[in-house]
1. Give me the residue from segment A:52-78 that is of a type in the set (Phe, Trp, Tyr) and crowded, with 20+ Cβ neighbours inside 10 Å and, out of that set, farthest from the chain's Cα centre (by Cα).
2. Find all pairs meeting these conditions: Cβ atoms under 9 angstrom apart; at least six residues apart or on different chains; first residue within segment B:177-197 and open to solvent by 90 Å² or more (accessible area, probe 1.4 Å); second residue part of a helix (DSSP H, G or I) and within 12 Å of DNA strand C (Cβ to nearest atom).
3. Can you name every residue in segment A:110-155 that is out of contact with any helix residue (DSSP H, G or I) (no Cβ under 9 Å at 6 or more places or on another chain), within 10 Å of chain B (Cβ to nearest Cβ) and at pLDDT 95 or above?
4. In segment A:35-51, is there at least one residue being under 26 Å from residue B:136 (Cβ atoms), small (Gly, Ala, Ser) and loosely packed, with under 15 Cβ neighbours inside 10 Å?
5. Quick check: is even one residue across segment B:165-188 near DNA strand C (Cβ under 9 Å from one of its atoms), at pLDDT 95 or above and within 13 Å of chain A (Cβ to nearest Cβ)?
6. Looking at B:124, B:171, which is the one that is closer than 22 Å to residue B:73 by Cβ and not basic (Lys, Arg)?
7. Do any helices (runs of 4 or more DSSP H) entirely within segment B:128-206 hold 2 or more residues that are within 16 Å of DNA strand D (Cβ to nearest atom) and closer than 19 Å to residue B:115 by Cβ, and if so, which?
2 protein chains.
Amino acid sequence: MHILLLISKKTHKPFPIETTENIFEHFEQYIKLSDKLKAELKDKLHVVTFKKGELVLDADQISTKSYFIRKGILRTYFLKDGKEVSEYFCSTNEWINSPRSFMQRKKDIYYIDAIETTEAFSLHVNDLVYLFDHFPEMERYSRLSMGTIFGHLMERITSMRFASAKEKYAHFCETYHDIYHRIPLGMVASYIGITQETLSRIRAEK
Amino acid sequence: MHILLLISKKTHKPFPIETTENIFEHFEQYIKLSDKLKAELKDKLHVVTFKKGELVLDADQISTKSYFIRKGILRTYFLKDGKEVSEYFCSTNEWINSPRSFMQRKKDIYYIDAIETTEAFSLHVNDLVYLFDHFPEMERYSRLSMGTIFGHLMERITSMRFASAKEKYAHFCETYHDIYHRIPLGMVASYIGITQETLSRIRAEK
DNA sequence: CAAAACATTTGACATAAATCAAATAATCAT
DNA sequence: ATGATTATTTGATTTATGTCAAATGTTTTG
């Protein structure tokens, strides 16, 4: 009876397998990973899971861990006039943290929560600093991968400025083509900076 | 006669003094500069000047140089429906290039021009790559300084989404508090994503 | 220094999207 | 499953900002 229950639970939320393959592949898009660095990474990365709706980071905490998502969706948001404003969404093979908080080790306004049940690797900021200090190629990885994100931010700024609500939504769907349909309407609306009602009408007219 | 002419030209556009002090100070906010690295930088940095209104980079060129501004203002913009849209402005002690073009060595949509007569150091992308390859601390500098810019971009995105035209202008003035009054109204309007007329009315009502 | 070119202001009007309010629809917890 | 939350849709109205047009002001150039 108990055993069966356990199995059924496992089926629902399987115990995560420690595969670092995906994350190694991710790094290798930018740098070559030596065996020594691989071993260090394996040592420093830890598997974590978050249930749907779970708060991953509270705004009154310092963000000390970065999460590399294997499955699921996490999101950063902040509060404006008591309402949640989504800042961005992250899914498979992406890193998420509260950037300024993580980099400068101070509090910031951002919360992180789980839009779906999510499996991820966590990396502590202290371990990352250790890696930066001992493996210059990690600095290079950081520089190059930030360049990619940089481009995304610039495009987003452009799309925010001269686009109609409909165009903003279209741009959102492009940016998040893999997951846009898994994000609740209200969160999408605040992400692109329009009201829920307007977004609902845009979706209806198609 | 020729000599006099030459002198008078010089007076108008003085021959720049090769002081690398400011730029060294800038680097030293993030990393320690060894004498060897200083020497390499001195060798690779070149003084350039641009006259007011001069085109620094055309969109049909690849951006192969980054400019560290000593004096003046440069700006990146792109064309939308035949009109210039200002992307950002850079002034004293800031780097400017066409980011994606520079990093990926391909064409992009951005132009760069001089809002004021500007003196700057130029650094060729090939020389920068050389520095990255031989001085890991340059990778670190890049990572850390990008973090700063990252924060600015995030704030800009936030201000674009939920702010009124008036608030957007206020945010622009904050961001560019040193130089906001030196940038023509039309350029400011396209930067914050409102029309010239609206900005003119906002300025008038105070 | 005057004419031309360009930048900013002002006015009248149009419109996309916000706001307020209430009805459905979907999801969650017991 | 069923009632209770929570999310989405729909409708009526308001408002900030855009658009178009023209006047005024400023800078540039021969």
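The values are calculated or read from the model by the stated rules, or taken from the named source; none is laboratory data. Small disclaimer: the values here were computed from a predicted structure and weren't measured. No Cβ is skipped: glycine too gets one built from the backbone with ideal geometry, and neighbour counts run over all protein chains shown. Please note that ligands, DNA and RNA were not included when accessible areas were found on the heavy atoms of the full protein model with its side chains. Shrake-Rupley method; radii C 1.70, N 1.55, O 1.52, S 1.80 Å.
1. A:77
2. If the second residue must be part of a helix (DSSP H, G or I) and within 12 Å of DNA strand C (Cβ to nearest atom), the pairs left are B:196/B:185; B:196/B:186; B:196/B:188; B:196/B:189; B:196/B:190; B:197/B:189.
3. Answer for segment A:110-155, where residues must be out of contact with any helix residue (DSSP H, G or I) (no Cβ under 9 Å at 6 or more places or on another chain), within 10 Å of chain B (Cβ to nearest Cβ) and at pLDDT 95 or above: just A:133.
4. yes
5. yes
6. That would be B:171, the only listed residue that is closer than 22 Å to residue B:73 by Cβ and not basic (Lys, Arg).
7. Per the criteria, B:165-175, B:185-192, B:196-204.
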